[in-house]
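Rule-based calculations on the coordinates, nothing more; no lab input. Predicted model only: the values in this text are computed from it and were never measured. Cβ placement follows ideal geometry from the backbone for every residue including glycine, while neighbour counts extend to all protein chains displayed.
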Ligand code: MTE
């Protein structure tokens, strides 16, 4: 479905929400398109590139529309390697702590990295002239939520300051292929370092304004509520709007629950930090965190990408627990358990990675 591999873990078929098994992400800096997770709040819209031309409006000197051809011909083209991470990534952890009704139990596969090509949003904004009093840039996609409580197109916003940075792209290509329908063709926003929700697909409108987007997906979801509140009683603007991605990591191989041969076992995984932070260290433990040793970090392939890591651990016969935790360049460390980060919608679980393996004597 949608050009994805057969072993995708599909949370819902319509809208399509799917992630790869964790092992499929192992050891590859760039995730192939067939393996890249997809998160959709509405059916994938069918858009004819011919008539498509997103509008730029709001606090700008000149209203404008740009067709794909305009974007390609009028602005320089750039490629950025960037990781997208959905804020529901790893929600399965908080769900084990306490039920989170109505939210999909995403595993660690709602994170992936691609090579995105397009134009800089900053160049487009310069062309239309941004009012100096503007604070936010809002995006709207073409897809309309089928949820009666929502009933509007998907949207969200980022601060003007971020929108003016060189890494934020209006992208038409993913891994050197034209963007596929499920990933937002003809053009999507890519906001490196921010939660995936701000990388709006099927871009239809860009509005420069003096407040964050009023869209449902900015004001009423992707928000962090305190654990004690009932999310159904929350209104627009309540809680904290999620934006920058916190430092996170996962084990990718061996698989959780795998059988391994007793003795040395290679363990690999990813670690990622949002904003303009990067991962600087990953620790691994096989004794419930009493002792840790540092994993070997792969090269940082881009300021905006995850970092893969590997190490060898010594397993003992029987059940073993492998823990991993990452540190970022601001010296932030992942919290220990999903109980520490639990929130009523199960967002931003960045607790220590934890898998269990069973080591057999040959
Ligand atoms: N853009 C639109 N228009 N509609 C959506 O449902 N989902 C967002 C974001 N952009 C979404 C969207 C979320 S929550 C994430 S995590 C990423 O797209 C996922 O991008 P992908 O499906 O290309 O992996």
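Overview of results
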{"read-out": "Using a Förster distance of 25 Å, the FRET efficiency for residue 211-residue 78 (Cβ separation, nearest 0.05)", "value": "0.30"}
{"read-out": "Over segment 169-216, relative contact order from alpha-carbon pairs under 8 Å, at least 6 apart, %", "value": "28 percent"}
{"read-out": "Mean ellipticity per residue at 222 nm, deg cm²/dmol - from DSSP H runs of n ≥ 4 across the chain, formula -39500 (n - 2.57)", "value": "-2000 deg cm²/dmol"}
{"read-out": "Inter-label distance for residue 65 and residue 261, nm, one decimal - labels placed 7 Å from Cα along Cα-to-Cβ", "value": "6.4 nm"}
{"read-out": "Three-way shape label, segment 113-232, alpha-carbon gyration tensor, a/c 1.5", "value": "oblate"}
{"read-out": "Theoretical FRET efficiency, 1/(1+(r/R0)^6), r = Cβ-Cβ of residue 340 and residue 312, R0 25 Å, to 0.05", "value": "0.30"}
{"read-out": "Residue list for segment 87-101, given a label point 7 angstrom along the Cα-to-Cβ vector of residue 10 and an amide N cut-off under 19 Å", "value": "none"}
{"read-out": "Shape of segment 139-184, Cα gyration tensor, a/c cut at 1.5", "value": "oblate"}
{"read-out": "Global form of the chain, assessed from the alpha-carbon gyration tensor, a/c cut-off 1.5", "value": "prolate"}
{"read-out": "Separation of the residue 299 and residue 333 label points, Cα + 7 Å toward Cβ, nm", "value": "3.0 nm"}
{"read-out": "Segment 242-318: relative contact order as a whole-number percent, Cα under 8 Å and 6+ apart", "value": "33 percent"}
{"read-out": "Computed FRET value (nearest 0.05) for residue 176 with residue 50, which takes r as the C-beta separation and R₀ as 41 Å", "value": "0.95"}
{"read-out": "Computed over the chain: relative contact order in percent, which uses C-alpha pairs under 8 Å that are six or more apart", "value": "18 percent"}
